[in-house]
Each structure stands twice: as C-alpha cells, then as structure tokens.
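The values are calculated or read from the model by the stated rules, or taken from the named source; none is laboratory data. Predicted model, so just to flag it, every value in this text is computed and none were measured. Here Cβ is always computed from backbone atoms with ideal geometry, including for glycine, and neighbour counts include all displayed protein chains.
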Amino acid sequence: MITMFSLMFVLFFTLLLVSLAGLFFCFRSLFLKGEPVKTVSKEKRKKASLLSLIPLLILGIAGAILPFIIVLPIFHLMVFWIVIACILFFINKKKKTPYWLAAAIAIPVTIIYMSVAFFLAVHIYKTEYHLETKKDVEPLSVALISDSHVGVCFDGEGFAERIEKISEHQADVLVIAGDFVDEYTKKKDMVICCEALGKIKTTYGVFYVPGNHDIGDNANRDFDFDELIEEMEKNGVHVLFDEVAEIGDDYYIVGRNDRSMVRKDISELTAPLDHSKYIIVLDHQPNDYAEEEKAGCDLVLGGHTHGGQMIPIRPLGELTGANDSTYGLKTRGETIFIVSSGIGSWAVPYKTGTISEYCLIDITSDGSTVAERKKETTETTVIESTTESTTEETTTEATTTETPPSETLDPSIDRTCYPYEEPEMPELTPQQQKIYEDLCEKISNFEPYFYDRKELGYDYMDDLLYVTGLLEEQHLEFRNYYELQEVTDDQMELLGMKLEYWCRWETENPSHDINDVKAGMEAFNKKTEEILSGLSDDMTAYEKYYYLAAQISINQDYDYLGDASVQAAPWAGIMGGESICAGYSAAMEYLCKKADLYCITISGTIQNEGHAWNLIKLPEGTYHVDVTWADGTGEVGTYGWTRYFALTQEQILIDHTIVDETVATGQKEFVTF
C-alpha cells in the first residue's frame with residue numbers, strides 16, 4: 001500500500017535529484033571559471049565535472065539523511081543561482097561577468113532566504129479579528145489554532161509552550177480546525193499535546209474537528225486515529241464528528257468531518273438549530289463555502305492550506321481554484337469565512353508565503369471588543385459589590401482615631417467572620433500520638449533525623465508515614481521545606497526513614513543547607529505577615545477573602561510544564577513562583593488560617609482532571625473559591641477572575657465535579673454567569 005509518507009519521500013527525492021542536476025551545471029561552470037563548455041578541452045571538462053561532484057555528494061548525502069530539512073534549501077540554491085546567472089548574463093551582454101559572481105550572490109541569498117523561512121515557520125504570531133453581528137448575543141472571544149502537524153516545527157513540549165502563550169489571552173473557547181498531528185508524529189508528543197489542551201483555562205472548553213492528516217495512514221506513527229481521539233477526550237477536549245455543541249445561551253459550534261471522510265451536508269447539521277443564535281462552523285478544508293453560506297452559518301473557521309506555505313503555492317492555488325480561500329477573512333452574504341495559516345507547517349519547517357499564527361476572534365453585537373464588554377460588566381459588578389465598602393470608608397474617615405473601631409463602623413453592615421477550623425484529626429494510638437508530637441517538634445526546629453527500621457520495626461515505619469500525611473494537613477507551611485525520604489539498600493530493602501530539609505522552592509540546584517532553609521522560611525513568614533497587614537477590621541468577610549485570593553493570584557503563576565518542585569505547598573502563592581492547583585488551594589487555606597478565617601480545601605475534577613480548590617464561609621453561607629481557575633481566566637478584578645470567586649454550589653458544578661461530597665450552602669449569587 002502506498003502511504004502518504006512514501007509519496008512525500010518520492011516527491012522530495014525527485015526534487016533532490018532535479019536540484020543536484022541543476023547545481024551540477026552551476027558548479028561545473030564555476031570550476032570552468034565561466035568559460036563555455038565547448039571551448040575548453042575534454043580533460044579540463046572532466047576535471048571540472050569531478051570537482052563538481054564533491055559538493056554535490058555532500059549535499060546529496062545531507063539531503064538523503066534529512067530530506068525534509070535539506071532538500072528545499074538545495075532546490076532554492078539551484079533556482080537562485082540559475083536566475084541570478086541569467087540576470088547577470090543579460091545585464092552584461094557586452095561585458096564579461098566574473099565567473100564567481102552568480103555563486104557569490106546566490107549562496108548568501110539562499111542562506112538568508114531559508115533562515116527567514118525557518119523563522120516564519122517556528123515563530124508564532126497573533127492575528128486578531130473583531131467581528132460585529134446583527135444578532136443580539138453576548139460577547140465571545142474565540143482562540144483558533146489549526147495545522148500544528150506536531151513533529152515538524154515543534155515537539156510536544158513546543159506545542160505546550162504555544163498553548164501556554166495562547167492561554168494568556170483568556171479566550172472563552174479554544175477551537176482546533178484539524179491537522180493536529182501528522183503521519184510521523186510520535187505518540188509521546190501526541191500525549192503531551194493533549195495534556196496541554198487539558199490544562200488550558202477557558203470558559204467553555206476546547207473543541208476539535210479532524211483534518212486529513214489526523215486521519216491519515218498510520219504506517220509511520222506509533223498510534224492510530226482512535227488513540228488520538230481517546231487521548232483528547234481523556235483531557236476534556238470536545239471532539240465533534242458532524243455534531244453540534246451549544247455554548248452559553250447565544251452560540252452553537254458545528255463541527256464537521258473532514259471532506260476526506262464520509263460526512264453530512266452542512267444544511268443537515270444547521271437545519272434544526274435556532275438561527276437567532278450565532279452559528280460557528282469548524283471545517284478543516286475551505287472547500288464548501290457556497291453551501292455553508294446557503295445554510296445560514298455566521299462564521300466558518302478552517303485551515304488546511306497553511307496560507308500557501310511556500311512561494312508561489314498561494315497564487316497558484318487561488319488561480320486554479322484549489323480551495324475557496326487560501327488565507328485570511330472573506331465574506332459571502334451574511335457569512336464570514338476565516339482561514340488560518342496554522343501554528344505549524346507540513347513536511348518542512350519553512351514558510352515563505354505566509355506566517356505561523358494563532359487567531360483571536362472577538363464576536364460582539366455592538367462593535368466593541370470582548371475585553372471592553374467584559375470590562376463594562378466587571379465595573380458594574382464591582383460597583384454593586386463595593387458600595388457598602390465605600391460607605392463604611394466614608395463613615396470611618398469622619399470619626400476620630402481614639403474611638404474603638406467597633407464603635408466607628410456602620411452597624412448595618414454585617415462584618416461577621418467565621419474562625420478557622422483545624423482539620424479534624426482521627427483518633428491516634430499512643431505510638432502515633434507520640435510520633436506526631438515528635439515530628440512536629442523536629443520539623444519546626446529543622447532537626448535532621450534518621451528513623452532506623454531495624455531498631456523501630458515496620459509497624460513504626462507505617463505509623464510514621466500515616467502521621468506525616470496528617471501533619472501536612474495541620475501544618476501546610478511544612479510542605480515548603482521538609483521531606484520524609486525512604487532509605488533502602490542495594491536490594492531495595494527498607495533501612496529506615498530520613499527527615500531532610502531543603503529549599504524546595506528553588507527549581508535548579510536547590511540548597512540543602514539548613515541555614516538557607518531557615519532564611520527562606522523567615523522570608524516566607526515575613527511576607528505572610530506583610531500580606532496579612534493588608535486586612536483590617538472594617539472589611540467584610542467577602543472583602544477579606546477577596547483580598548487574600550487576589551494576593552495569591554498576583555504572586556503565583558500556573559505551572560503548565562510541571563517543573564515546579566513545590567507543587568502542593570503554599571510557597572508560590574505567597575513568595576511568588578509557579579505551582580499547580582494544590583499549591584493555589586494550600587496558599588489560600590494557609591493565609592486564611594493565619595488570618596483566622598474559615599477555609600477548607602476541596603477535592604474534585606475539572607475537564608476530567610484531578611483538581612483542588614477552597615470553601616469559604618460568609619454570613620450568607622459557604623461558597624466555593626477556585627483561585628487556580630480565576631488566575632488562569634483573567635486578571636484580578638476582571639469578569640474572568642471574579643467568575644471563580646464566591647460561587648454557589650450550582651455555579652461551581654457547571655464545570656467542576658466534587659468527589660468529597662462537600663456542599664456550599666450559600667444561595668446569594670455574587671457573580672452572574
């Protein structure tokens with residue numbers, strides 16, 4: 001069976017032979033010093049031919065080893081050399097051109113040209129579109145990527161870095177318009193890419209439709225299409241096979257099968273829909289514009305063409321009508337079509353006819369940007385929620401400092417705060433209780449210690465591990481700097497447990513010097529007190545929690561690549577750095593504990609991935625706070641950020657699931673969805 005990879009190899013091998021043949025005559029002319037072949041002796045021609053074979057042999061071997069990297073530069077060198085030689089010949093018909101001039105120009109031109117082509121392929125640009133619709137819809141921001149062809153311009157880690165960059169824009173939804181992988185993408189890279197998609201924070205999630213290379217033949221990759229879909233769905237990606245998904249109250253996403261697959265007519269997919277809502281279609285190949293316009297689609301997003309990728313493919317494609325569009329925005333009737341050039345490239349890491357890009361598309365009904373509309377909504381919410389705070393500040397300023405705070409505050413405003421409750425301790429055996437007290441004292445004093453298994457026994461080792469888990473729930477700050485390590489012999493026989501202290505917040509070559517650890521924790525405690533000093537008696541419970549969550553969000557970034565060494569500790573949320581949800585929730589609970597505010601950590605999932613967040617207590621009842629997703633969805637004070645602060649049980653269950661059966665009792669809604 002002839003595979004796509006085989007066809008590609010034949011194509012590039014043919015191109016290599018043609019290029020080498022053309023360069024043979026170029027090099028031979030160079031070695032003949034520009035003399036016409038017919039005027040030189042047979043011996044001289046033979047010598048020049050043999051000398052020409054040396055660089056051709058080197059280029060040929062390089063092209064055979066790395067066909068997708070080397071062949072195009074060789075081809076362009078041949079083209080530039082021949083074109084420049086012809087130009088020089090016609091310019092200087094009467095005057096003989098130096099024989100070496102064409103080569104002297106062609107070689108640096110080729111190097112510069114292909115270097116730019118490589119940069120345009122591997123560097124990712126942001127392209128923005130601001131669309132206005134006559135339909136009465138809420139604003140929506142869409143991030144579009146297509147044609148990543150993982151393995152050509154970047155691997156799995158490179159894709160994750162690009163997704164992290166796109167995540168910074170806090171789009172409401174991410175859509176993938178096909179060709180996510182290629183025929184020779186490695187499974188490990190595919191898995192990393194899918195995991196990166198599972199970590200991106202959006203309001204409505206990630207939606208994907210297949211491209212022809214996703215389906216492709218599987219002869220040259222170590223996974224099949226079904227495994228790709230399984231991995232995507234495992235990471236919370238919505239895969240659409242001729243299906244429709246409704247997002248929010250105003251939008252549909254219609255995902256079409258690729259035209260290389262059996263698929264439904266677009267009219268069959270859109271006919272049952274409410275056409276007062278905005279219909280977004282994902283269609284990998286831009287080849288069905290007439291029918292999509294007729295079906296009443298509002299926006300059609302695609303890829304496949306790579307924007308032409310290499311000159312002169314784009315003008316040739318448009319001239320021959322290979323696709324309805326090659327790149328950019330077009331309008332037919334009431335339908336807008338956008339074709340992306342993709343974040344990667346096919347077969348070769350070069351682009352000369354276009355750029356690598358991701359698209360940010362703002363859709364509004366009044367012409368304002370999504371950011372402006374969200375800002376307006378946020379400002380309204382903030383004004384409503386802080387009216388009481390403004391009133392109390394005015395009242396406080398009108399009083400003297402000698403009067404006790406309790407007498408100066410407006411009694412009509414409920415400032416009730418509920419105290420922190422230590423995690424419930426299970427009943428311990430006398431030995432476990434002794435271990436708990438001993439561990440607590442040693443860790444507090446940074447005291448190294450070795451628990452000898454032979455001396456203490458296996459039961460003691462089991463109790464030691466059990467108590468350690470309880471201790472970390474009671475003393476979250478211990479997670480910053482200590483570790484109980486197993487010590488084994490060459491046969492993996494347990495010798496004992498060792499208490500060790502090190503600067504876990506240092507990602508590279510962390511110090512194990514006790515003095516460095518103590519200095520770090522002193523700075524941590526000082527910073528904690530500095531944050532807590534921002535709290536005051538005139539703040540309501542809501543304002544106190546908001547302030548603490550905001551401090552964590554400002555200090556901490558999400559660890560998308562999993563590099564942070566203090567993943568579940570409060571360090572990053574207070575001192576700055578990167579962590580995951582366990583770190584965000586630990587920082588929130590730790591600060592609340594120090595401020596004597598009720599707070600517990602909740603376990604659950606979001607987008608099918610394990611997750612942790614907090615439950616706080618206001619006069620109106622208990623509420624959910626997810627600082628991780630607030631931080632990833634918007635800046636402090638924006639609608640995206642407040643969307644994950646003080647949520648009711650009904651609101652949190654829109655995109656979270658709770659595994660420990662915790663129920664928030666508050667009914668008042670502080671944020672409107």
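Could you check the stretch 116-160 and list, in sequence order, the residues that are under 12 Å from the mean Cα position of the chain (by Cα), in contact (Cβ under 8 Å) with a residue 12 or more places away in the chain and closer than 25 Å to GLY353 by Cα?
If the condition is that a residue be under 12 Å from the mean Cα position of the chain (by Cα), in contact (Cβ under 8 Å) with a residue 12 or more places away in the chain and closer than 25 Å to GLY353 by Cα, then ALA143, ILE145, PHE159 are the ones that fit.
What pairs come up if the first residue lies in the stretch 297-325 and is buried (at least 21 other Cβ atoms within 10 Å of the Cβ), the second is outside any loop (DSSP other than H, G, I, E, B) and at pLDDT below 90, and their beta carbons are under 7 Å apart, counting only those six or more places apart or on different chains?
If the second residue must be outside any loop (DSSP other than H, G, I, E, B) and at pLDDT below 90, the pairs left are THR305/GLY317; GLY307/ARG314.
Going by the structure shown, is TYR350 of a type in the set (Ser, Thr, Tyr), crowded, with 22+ Cβ neighbours inside 10 Å, farther than 24 Å from VAL71 by Cβ and in contact (Cβ under 8 Å) with a residue 12 or more places away in the chain?
no
Specify which of the listed residues (LEU66, LEU77, LEU56) is at pLDDT below 80 and not aromatic (Phe, Trp, Tyr).
LEU66
Considering THR628, THR642, which residue is at negative phi, buried (at least 20 other Cβ atoms within 10 Å of the Cβ) and in contact with a Ser or Thr (Cβ under 7 Å, 6 or more places away or on another chain)?
THR642 is the lone residue from the list that is at negative phi, buried (at least 20 other Cβ atoms within 10 Å of the Cβ) and in contact with a Ser or Thr (Cβ under 7 Å, 6 or more places away or on another chain).
Identify, by number, the condition in (1) surrounded by fewer than 22 Cβ atoms within 10 Å (Cβ to Cβ); (2) touching a residue at least 40 places away in the same chain (Cβ under 8 Å); (3) under 25 Å from TYR418 (Cα atoms) that GLU609 doesn't meet.
Of the numbered conditions (1) surrounded by fewer than 22 Cβ atoms within 10 Å (Cβ to Cβ); (2) touching a residue at least 40 places away in the same chain (Cβ under 8 Å); (3) under 25 Å from TYR418 (Cα atoms), the odd one out for GLU609 is (3).
Would you be able to say whether some residue in the stretch 517-526 is among the acidic types (Asp, Glu) and either in contact (Cβ under 8 Å) with a residue 60 or more places away in the chain or assigned to a loop (DSSP other than H, G, I, E, B) (or both)?
No, there is no match, as no residue in the stretch 517-526 is among the acidic types (Asp, Glu) and either in contact (Cβ under 8 Å) with a residue 60 or more places away in the chain or assigned to a loop (DSSP other than H, G, I, E, B) (or both).
Determine which single condition ILE616 fails, assuming it passes every other condition in (1) farther than 19 Å from TYR542 by Cβ; (2) of a type in the set (Val, Ile, Thr); (3) over 21 Å from the mean Cα position of the chain (by Cα); (4) crowded, with 24+ Cβ neighbours inside 10 Å.
Here ILE616 meets the rest and fails (1).
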